[in-house]
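Step one of this worksheet: look at the structure below.
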Amino acid sequence: MPSFGFTDSNLTPDLARLHEEIRRHALDYGLEPFEVIFEMVDSDAINSLAALGGFPVRYPHWRFGMDYDQFSKGYEWGLQKIYEMVINTDPSYAYLMKSNSLVDQKTVMAHVYGHVDFFKNNQWFSKTNRKMLDTMANHAVKIRDFMDLYGQDTVESFIDHCLAIESLIDPFLPFVQPSVARSTNSGAQGESTGAPEAGRDPGRLKVDRSYMDKFINPPEFLEEQKRKRDAQVKQSRKNPAEPVKDVMLFLLENAPLEDWQHEVLAIVRDEAYYFVPQGQTKIMNEGWASYWHSKIMTERALTDSEVIDFCDHNAGVLAMSPGRINPYKIGVELFREIEDRWNRGKFGKEYDECDDLVAKAKWDQKLGLGRKKIFEVRRVCNDVTFIDEYLTEEFCDRLKLYTYAFNRRTNQHEIVDRDYRKIKEKLLFQISNMGQPFIYVTDGNFQNKGELLLWHKHQGLDLDVKWARETMTALHEIWGRPVNVETEVDGQKKILRYSEGEFTDRSV
Amino acid sequence: MIDNIRRDHSRFRQIVKGKIKQNLKKYVTNGEMIGRKGKDMVTIPLPQIEIPRFRYGDKEQGGVGQGEGKAGDPIPGQGQPGDGEGQGQQAGNSPGDHGLEVDLTLQELAEILGEQLELPKIEPRGHKTLKSKTDRYTGIASQGPNSLRHFKRTFKEALKRQIASGTYDPERPIIIPTKKDMRFRSWKSDIRHENNAVVIYMMDVSGSMGDEQKEIVRTEAFWIDTWLRSQYKGIETRYIIHDASAREVDEQTFFRTRESGGTLISSAYKLCQKMIETEYPASDWNIYPFHFSDGDNWSGEDTRLCMEILENELLPQSNVFCYGQVESRYGSGQFYKDLKEHFGTEHDSVILSKIENKEGILMSIKDFLGKGK
């Protein structure tokens, strides 16, 4: 059991000295990390921590056990090894694996400083709870209490249901003004807008001379005004008034839950929001950390005897196996490309409009803005904006990227195209909403029967119907009434419905 | 943290076992576990234990990859076409991730089988047990080899002696043990009673037993082994195949051999009898002869001979004799009727079971093992 003091509690003096050295290098380069506390752990502990998402205390749940099973098997069989883990808290805790060689430990420390700098300074992390270690432990206590009161099976299966909709949240909600965020609540805003004045037709325009009335307010006009108003009233009675992305929040506010269920759902939602920025910045985060560990190691920290080992392991981490892309590699290469472009001034109108490929390749205005630029990028971007803004044609060519698709005829995935626009589009699609389908609540009283209606915003890919059904079963357990999902299957608009153990779908 | 994960892990195992119990019939029927047997572990594919969520259909999704190749080339690393389930949710995930596989020990598997079929624990035959000796270090002696010297106790003795004789100096606490102070660990021999068992599988490999029938026998044998292994400490298995004559083979051959020609069941019983007589004296062993056939025998004469061997030789020596008749298109199923006629259905040490098809395997296992013999 690691003790969480405010020093590197169990580092050997050697490693503590190395830590100090790496930290100094990191600060020299201009990184602004939180304080970092390293813990030395063995492989079993690191597998456990990885299964628990880096947090030593989580609520009891079987899926952590399942992940642990997978990690420890992978480790035993030599298929995978977790080198490094760091959690986004202040101070940040990071874990070093006991069996790693000294040069690995150094590299990991440098890598961790990259991550921690990113946690602290990237704006998408600005709203996360930096005391999550305590919060997670509190959640654990609460859920254990519920389990004592209501039974482990009952609580655990309710957690299962909540986890099924874990991804149905709104990643941008933390950045919305609180008043706007709350407006999803039971049409409160609708009532104030639509209140009619008594005794007077509210659609009628004011007329000073009564003989003008039939010209200013002709019957058709009044009719239309009435229709508009009716629609407005109807809209304001609808809950939610507009589609809501945070399905979990909607359920928290509207589902008929017991107190403890309400609490459990809130806990699962809380933890889901905590992990959002990490999902949003996977490529950048790993890229940034890899950029800095390479920089610190190769320019400062590496000793002569360590070069080969470092190169070997670094190559392993950044390797792209054929047919896959590695977020570490894409990230670090993109950061380097940006640095190079801004160093040489390869941006802006003049550069973009230049047709001469040779001139473009040799372009160098000796601006030296690269370092400044990548720090700016690490502050403002997330993966989506990072790829959208900085993935260039040259970059795709250099890394030999392509898009692939599944060919039903040959029953395998095949290369489709090397056009960088298509690559960008595909990549963006995969990282938008963290690769999850866009699902909204559109009606909490569907067909006036208290049924839940969700809407899948179809963007070219169908839902996996089998999984959707399982998820709807879980939703049904929370909502307590039939659940409907409006989606598209093979180009046909459909409503999937689940009620009391029965699935139906109908075309609309 | 370690405690946390232990708790979650055992919870996960519990759920896994629950799932396997629920789907035991499916696993048994499909024979999915056999051939996946390591030394004491079974790896079981579990398709559905993940938490559901809304996600895109897998294969249509496609993605971005990296490497050489032109449009239309298959991307590498896919395995067999149509193999596995792609994740492909995030950049970097590969197509072709596999479902969950969990390892169970054979002991755990036997427990699941036992619970699901409500199998009684087997009562080994009372006085017929093997004795084995184990040594346990329990005491201290003043004589012994140096390798067993008990340092702490020796030191204590020396200290006691020096204090008693007044040679101990607290300022200069040097303790010198003499030969008399030496203490050694000593052991006690424990006699443990162990139950050993032998399972003798006999199978008709004449032309009328097809592949499907053999597959059924194979599945049954796997589960019977698993159960008996959980009940006895030491267990041996022997295999006899027969058509018109019988011979002993190894496990591989047992399930693969196919002969043509006639069927003399008595040949197998005779060989079995000889095996028991020479190698497995009934006083030391729990004996389980299993015979699988499609019920055809060459002649009524031979059948009468079989009954005789059973009655006079095999039954008195065995815990229980089990006959499983696998339905086949070619077999008449006569032997089952003969046995039933001779011993009745309620005989103490004869269990008869008919296995119509793969679906019937589980019930047949219950037939065989349900008596607790």
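The values are calculated or read from the model by the stated rules, or taken from the named source; none is laboratory data. What you see is a predicted model, and the numbers here were worked out from it, not measured in a lab. We place every Cβ from the backbone using ideal geometry, glycine too, and count neighbours over all the protein chains shown.
Check whether at least one residue in the stretch A:388-404 is within 14 Å of chain B (Cβ to nearest Cβ) and in contact with a His (Cβ under 6 Å, 6 or more places away or on another chain), and report yes or no.
Checked the stretch A:388-404: at least one residue is within 14 Å of chain B (Cβ to nearest Cβ) and in contact with a His (Cβ under 6 Å, 6 or more places away or on another chain).
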By residue number, the members of the stretch A:378-397 that are within 14 Å of the chain's Cα centre (by Cα) and among the acidic types (Asp, Glu) are A:383
Residue within the stretch A:14-37 that is loosely packed, with under 14 Cβ neighbours inside 10 Å and modelled with pLDDT under 90 present
yes
Could you list, in sequence order, the residues of the stretch A:346-391 that are at pLDDT 90 or above and not in a helix (DSSP H, G or I)?
A:369, A:381, A:382, A:391
Would you confirm whether or not the stretch A:69-90 contains a residue that is of a type outside the set (Ser, Thr, Tyr), over 30 Å from residue B:46 (Cα atoms) and within 14 Å of another protein chain (Cβ to nearest Cβ)?
yes
Can you give me the number of residues within the stretch B:24-42 that are of a type outside the set (S, T, N, Q), modelled with pLDDT of 75 or more and closer than 15 Å to residue B:215 by Cβ?
2
Answer yes if at least one residue in the stretch A:225-241 is at pLDDT 85 or above, surrounded by 12 or more Cβ atoms within 10 Å (Cβ to Cβ) and among the hydrophobic types (A, V, I, L, M, F, W, C), and no otherwise.
no
Residue A:430 being more than 30 Å from residue A:499 (Cβ to Cβ), facing chain B (nearest Cβ under 10 Å) and surrounded by 13 or more Cβ atoms within 10 Å (Cβ to Cβ)
yes
If you go through the stretch A:264-308, how many residues are crowded, with 18+ Cβ neighbours inside 10 Å and acidic (Asp, Glu)?
2
Residue in the stretch A:94-113 that is away from chain B (no Cβ under 12 Å) and in contact with a Pro (Cβ under 9 Å, 6 or more places away or on another chain) present
yes
Would you confirm whether or not the stretch B:333-356 contains a residue that is surrounded by 17 or more Cβ atoms within 10 Å (Cβ to Cβ), in a helix (DSSP H, G or I) and among the polar types (S, T, N, Q)?
no
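Rundown of residues vs (1) in contact with a helix residue (DSSP H, G or I) (Cβ under 9 Å, 6 or more places away or on another chain); (2) among the hydrophobic types (A, V, I, L, M, F, W, C); (3) more than 21 Å from residue A:158 (Cα to Cα); (4) free of Cβ contacts under 8 Å to residues at least 12 places away in the same chain, yes/no style:
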| position | (1), (2), (3), (4) |
| --- | --- |
| A:469 | no, no, no, no |
| A:477 | yes, no, no, no |
| A:488 | no, no, yes, no |
| A:493 | no, no, yes, no |
| A:499 | yes, no, no, no |
| A:502 | no, no, no, yes |
| A:506 | no, no, yes, no |
Scan of the stretch B:43-62 for residues that are closer than 15 Å to residue A:437 by Cα and at pLDDT 80 or above, ordered by number:
B:52, B:53, B:54, B:55, B:56
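Listed here are the residues, each with its yes/no results for (1) under 30 Å from residue B:75 (Cα atoms); (2) touching a Gly at 6+ places or on another chain (Cβ under 7 Å); (3) crowded, with 16+ Cβ neighbours inside 10 Å; (4) at the interface with chain B (Cβ under 10 Å from one of its Cβ atoms).
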position	(1), (2), (3), (4)
A:420	yes, no, yes, no
A:426	yes, yes, yes, yes
A:450	no, no, no, no
A:456	no, no, yes, yes
A:474	no, no, yes, yes
A:479	no, no, yes, no
A:483	no, no, yes, no
A:498	no, no, yes, no
A:508	no, no, no, no
Going through the stretch A:150-165 in order, the residues found to be over 18 Å from residue A:243 (Cα atoms) and either under 23 Å from the mean Cα position of the chain (by Cα) or within 11 Å of chain B (Cβ to nearest Cβ) (or both) are A:152, A:153, A:156, A:157, A:159, A:160, A:161, A:162, A:163, A:164
Take the stretch A:108-137 and flag every residue that is surrounded by fewer than 19 Cβ atoms within 10 Å (Cβ to Cβ), part of a helix (DSSP H, G or I) and in contact with a helix residue (DSSP H, G or I) (Cβ under 9 Å, 6 or more places away or on another chain).
A:121, A:123, A:135
Do the conditions hold for residue A:383, that is, is it touching a Ser or Thr at 6+ places or on another chain (Cβ under 7 Å), within 11 Å of another protein chain (Cβ to nearest Cβ) and buried (at least 19 other Cβ atoms within 10 Å of the Cβ)?
yes
Among the strands (runs of 3 or more DSSP E) confined wholly to the stretch A:402-508, which include 1 or more residues that are within 28 Å of residue A:161 (Cα to Cα)?
A:438-446, A:451-457, A:483-489, A:492-499, A:502-507
